[in-house]
Amino acid sequence: MHVYAKIYQFAASVGALEGYVYKKVDAEELGMPALSVWTDNVCQAYNHLPPEILQEFQGDLDRTVGRAIHSLVAALGQDH
């Protein structure tokens, strides 16, 4: 797969994840089994991107994933 396609698919998955977890209130509403698969896939996609490409958007990614994590902590608690 071309690197541009990898970047697009990764970005789309991360953006969709952020939107999916936004304002969810608990683990039941989040659908934990699917969420676990989703986050595993996002991590695998991240690990397949070359470091020189990641450095170009890592700051933006940190903010997007940070917002998703903030929503998850609100729904699941700090120690989940």
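The values are calculated or read from the model by the stated rules, or taken from the named source; none is laboratory data. Source: prediction; values computed, not measured. For neighbour counting, all protein chains shown are included, and Cβ atoms are generated from backbone atoms with ideal geometry for every residue, glycine included.
Which condition does His80 not pass, out of (1) part of a helix (DSSP H, G or I); (2) more than 15 Å from the chain's Cα centre (by Cα); (3) at pLDDT below 95; (4) of a type outside the set (D, E, K, R), if it passes all the others?
Of the numbered conditions (1) part of a helix (DSSP H, G or I); (2) more than 15 Å from the chain's Cα centre (by Cα); (3) at pLDDT below 95; (4) of a type outside the set (D, E, K, R), the odd one out for His80 is (1).
Out of the residues in the range 3-29 that are under 11 Å from Ser71 (Cα atoms) and in contact with a Phe, Trp or Tyr (Cβ under 9 Å, 6 or more places away or on another chain), state the one that is surrounded by the fewest Cβ atoms within 10 Å (Cβ to Cβ).
Among them, the one singled out is Tyr20.
Could you list all residues from the range 15-41 that are closer than 17 Å to Val73 by Cβ and aliphatic (A, V, I, L, M)?
Selection gives Leu17, Val21, Val25, Ala27, Leu30, Met32, Leu35.
What about Leu54, is it assigned to a helix (DSSP H, G or I) and surrounded by 11 or more Cβ atoms within 10 Å (Cβ to Cβ)?
For Leu54, the condition - assigned to a helix (DSSP H, G or I) and surrounded by 11 or more Cβ atoms within 10 Å (Cβ to Cβ) - is met.
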